[in-house]
Amino acid sequence: MQLSLRIRKKELIRLITGEKKTEYRSGSEFYCKKLAANYSTKSKEKVEFEPKPFTTVLFFTGESKNDLRAVFEIKSIELWKYIDCVPKDEDFEIGDINFHINIGKLLESNYKEAVN
């Protein structure tokens, strides 16, 4: 099953080049419905979560055929609640609940065509 997510171009380039290995998404109701088969955030310290059975993710920067796109393996999807610290270079705060989409191998991309 393939997950499709819109992403900023600079972040997708970081994924394609291997600089970034995890894509983060908010723990909003929208993403809970999109990514989770079921979940519970009742505990202050533990988040229970069962991901939908996605095996790949298509990231895209827009709807045009010339926009940057890439398909990756999904290693795992996790739901984290930040208790003591937050990921570097991300706009999260202590107490936030967010999805971590851990990216595997790049399977296909139009990187060279879209960037040139």
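Scanning region 17-24 for any residue that is among the small types (G, A, S) and more than 17 Å from D91 (Cα to Cα) turns up at least one such residue.
Residues in region 53-83 that are charged (D, E, K, R) and either under 13 Å from K9 (Cα atoms) or surrounded by 17 or more Cβ atoms within 10 Å (Cβ to Cβ) (or both): E63, D67, R69.
The number of residues in region 25-41 that are more than 21 Å from D91 (Cα to Cα) and part of a strand (DSSP E or B) comes to 5. The set of residues in region 103-116 that are modelled with pLDDT of 75 or more and either among the hydroxyl-bearing types (S, T, Y) or not in a strand (DSSP E or B) (or both) comprises S109, N110, Y111, K112. Of all residues in region 72-83, those that are assigned to a loop (DSSP other than H, G, I, E, B) and of a type outside the set (A, V, I, L, M, F, W, C) have Cβ atoms under 9 Å from Cβ atoms of residues that are surrounded by fewer than 17 Cβ atoms within 10 Å (Cβ to Cβ) and modelled with pLDDT under 95, 6 or more apart or on another chain, in Y82/F92; Y82/E93; Y82/I94; Y82/G95; Y82/D96. The set of residues from region 28-58 being at pLDDT 85 or above and of a type in the set (D, E, K, R) comprises K33, K34, E50, K52. For region 81-102, the condition of being in contact with a strand residue (DSSP E or B) (Cβ under 7 Å, 6 or more places away or on another chain) and modelled with pLDDT of 95 or more holds for at least one residue.
The values are calculated or read from the model by the stated rules, or taken from the named source; none is laboratory data. Every value quoted in this text rests on a predicted model; they were computed, and no experiment measured them. We place every Cβ from the backbone using ideal geometry, glycine too, and count neighbours over all the protein chains shown.
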